[in-house]
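The values are calculated or read from the model by the stated rules, or taken from the named source; none is laboratory data. Values in this document were obtained by computation on a predicted structure and should not be read as measured data. A quick note on method: Cβ atoms are made from the backbone with ideal geometry, for glycine too, and the neighbour counts reach across all protein chains shown. What goes into the accessible areas is simple: the full protein's heavy atoms, side chains included, and nothing from ligands, DNA or RNA. Shrake-Rupley method; radii C 1.70, N 1.55, O 1.52, S 1.80 Å.
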Amino acid sequence: MNIAIKLTSPKGYRALVPETVSDYLASSRDLATRLGGKPKEWQVREVGDGNLNLVFIIEGPASSLCLKQALPYVRLVGESWPLPLSRAWFEHLALTEEAKYAPRFVPATHYYDDTMALTVMEYLTPHIILRKGLIQGIKYPLVAKHLGEFLALTLYHTSDLFLPAEIKKKKIADFADNTAMCKISEDLIFDEPYFKAPMNRHSVGLDEVSVSFQNDADLKDAVQEMKWRFLNHAEAMIHGDLHTGSVMVTENDTRAIDPEFAFFGPMGFDIGAIIGNFLLAYFSQPGHAKKSGEREAYADWILAQIPVLWQSFSVLFADLCQQRTSQEPGGHVYAPRVLAMREKAIKQRLDAIWSDTLGFAGAKIIRRTLGLAHVEDMESIEDLKLRASCERKALLFAKELLLNRENYTTPSTLVDAARLK
Ligand code: SR1
Ligand code: MG
């Protein structure tokens, strides 16, 4: 992709290329010391394969670093779609906030440059992107437990259960300008798959299902209800784009990366995003089997991660609610002076989050199949007929989640229904 910049950018901003990264880093004594040796010895490569940004890995004699720089446009589409560099600031802010409560699940950041719209952070190695691991059929024994913990820690501690209302409101204001990124989600997730948007695309063989979704008023009602919640329910600081491409893993370690879509929104959006992407991975498995049935056990393992994730999230979230003390900053809902959170109240909260989770998971599956940005889980299936068949199953399941959320009161009912598709 051509990344030469013709757009007007703020004074002092320039998009880096591998040849200019070392000189840039050498100007920071701290970063130069971390890398060790001389700038000439540093090996730089650009590895960004996401939709938006540049990502460089820099290897020095002492250690390696990762530099992520925002481009003033959407990389996936090109310069015709400008996008504010301020997303680098919101990502930095979100990483800082997440690191307060869940440091072991995010990359450590070392340096932020507002003018250059870049962050230098820990290079996660030997981690790989979870989505790529799921395509290869690799099991990660701890990933679902870790993701549940990450979600409980970040969502609880940025909600009214933990933060005093005035502090939470200030934080809402801090993220309120992340409008361009939110608008991408608003358009691409909740609107575009449901009309003939110019950038929509879908696999050969899915015309009929795409048209049927666009003509389905009940489905569109259900999705607009989820959009309402996305726009209005400022429950907690959410990652905003927690798909399996935003998670890096090893057998023992899990890190959530790339929170540039962060803002205060509904907790179920993040949980629905990751569960929706596990479901996409599940439905794609027949497309990755080299011989018939080869991926059945693995597909089952993927599905089994959904209850593990929810269990991990809900148990820790409930513990945090139960252990609230007057020493904490003091969330203003169920303040100890009024009433300690009883099991009933915690269950009510968790049930509401679960219900949102199902709706957002459904919306996420549909946007990744009929909208602009698709997922490698499906796109890497070379047999187009097989790809369409995997995608159709995922789409029909997503529609069911959106229309009949109340039938899936527990993760196991969800998993059983997915298995039957
Ligand atoms: C135009 S950006 C398309 C998508 O890429 C990111 O990963 C977000 O999910 C966004 O919606
Ligand atoms: Mg991303």
Looking at the stretch 168-175, can you tell me whether even one residue there is of a type outside the set (Val, Ile, Thr), under 23 Å from residue 363 (Cα atoms) and either part of a helix (DSSP H, G or I) or open to solvent by 20 Å² or more (accessible area, probe 1.4 Å) (or both)? no
Which of the residues that make up the stretch 217-232 are open to solvent by 10 Å² or more (accessible area, probe 1.4 Å) and in contact (Cβ under 8 Å) with a residue 40 or more places away in the chain? 218, 222, 225, 227, 229, 231
Residue 36 vs. criteria open to solvent by less than 60 Å² (accessible area, probe 1.4 Å), out of contact with any His (no Cβ under 7 Å at 6 or more places or on another chain) and under 26 Å from residue 126 (Cβ atoms): yes
Any chance the stretch 91-100 includes a residue that's within 14 Å of residue 257 (Cβ to Cβ), of a type in the set (Gly, Ala, Ser) and either at pLDDT below 95 or within 13 Å of ligand 2 (Cβ to nearest atom) (or both)? yes
Restricting attention to the stretch 39-60, and to residues there that are in a loop (DSSP other than H, G, I, E, B) and within 14 Å of ligand 1 (Cβ to nearest atom), which single residue is most open to solvent (accessible area, probe 1.4 Å)? 49
Looking at the structure I just gave you, is residue 145 in a helix (DSSP H, G or I) and open to solvent by 20 Å² or more (accessible area, probe 1.4 Å)? yes
Selection from the stretch 307-331 of residues that are small (Gly, Ala, Ser), at pLDDT 95 or above and open to solvent by 30 Å² or more (accessible area, probe 1.4 Å): none
State which residue is nearest to ligand 1 (Cβ to nearest atom) when the search covers only the stretch 79-126 and only residues that are over 22 Å from residue 242 (Cβ atoms) and either in contact with a Cys (Cβ under 6 Å, 6 or more places away or on another chain) or free of Cβ contacts under 8 Å to residues at least 40 places away in the same chain (or both). 81
Taking the stretch 138-171 and keeping residues among the hydrophobic types (A, V, I, L, M, F, W, C) and more than 19 Å from the chain's Cα centre (by Cα) leaves 138, 161, 162, 163, 165, 167
For the stretch 233-249: of the residues being open to solvent by less than 30 Å² (accessible area, probe 1.4 Å) and hydrophobic (A, V, I, L, M, F, W, C), which is farthest from residue 357 (Cα to Cα)? 249
Name the residues in the stretch 254-272 that are assigned to a helix (DSSP H, G or I), touching a strand residue (DSSP E or B) at 6+ places or on another chain (Cβ under 9 Å) and aliphatic (A, V, I, L, M), would you? 267
Out of the stretch 273-306, which residues are assigned to a loop (DSSP other than H, G, I, E, B) and surrounded by fewer than 20 Cβ atoms within 10 Å (Cβ to Cβ)? 289, 290, 291, 292, 293, 294
Determine if the stretch 117-136 includes at least one residue that is among the small types (Gly, Ala, Ser) and in the same structural domain as residue 379 (by TED's automatic domain parsing). yes
Quick check on this structure: which one of 211, 204 is aliphatic (A, V, I, L, M), open to solvent by 10 Å² or more (accessible area, probe 1.4 Å) and in a helix (DSSP H, G or I)? 211
Restricting to the stretch 350-387, what's the tally of residues that are in a helix (DSSP H, G or I) and surrounded by fewer than 21 Cβ atoms within 10 Å (Cβ to Cβ)? 9
Is there any pair with a first residue in the stretch 157-181 that is acidic (Asp, Glu) and a second that is open to solvent by 20 Å² or more (accessible area, probe 1.4 Å) whose Cβ atoms are under 8 Å apart and which are 6 or more apart or on different chains, and what are they? 160/235; 160/332; 160/333; 174/93; 177/86
With the structure loaded, tell me whether residue 334 is aromatic (Phe, Trp, Tyr), open to solvent by 20 Å² or more (accessible area, probe 1.4 Å), at pLDDT below 95 and over 14 Å from the mean Cα position of the chain (by Cα) or whether it fails that test. yes
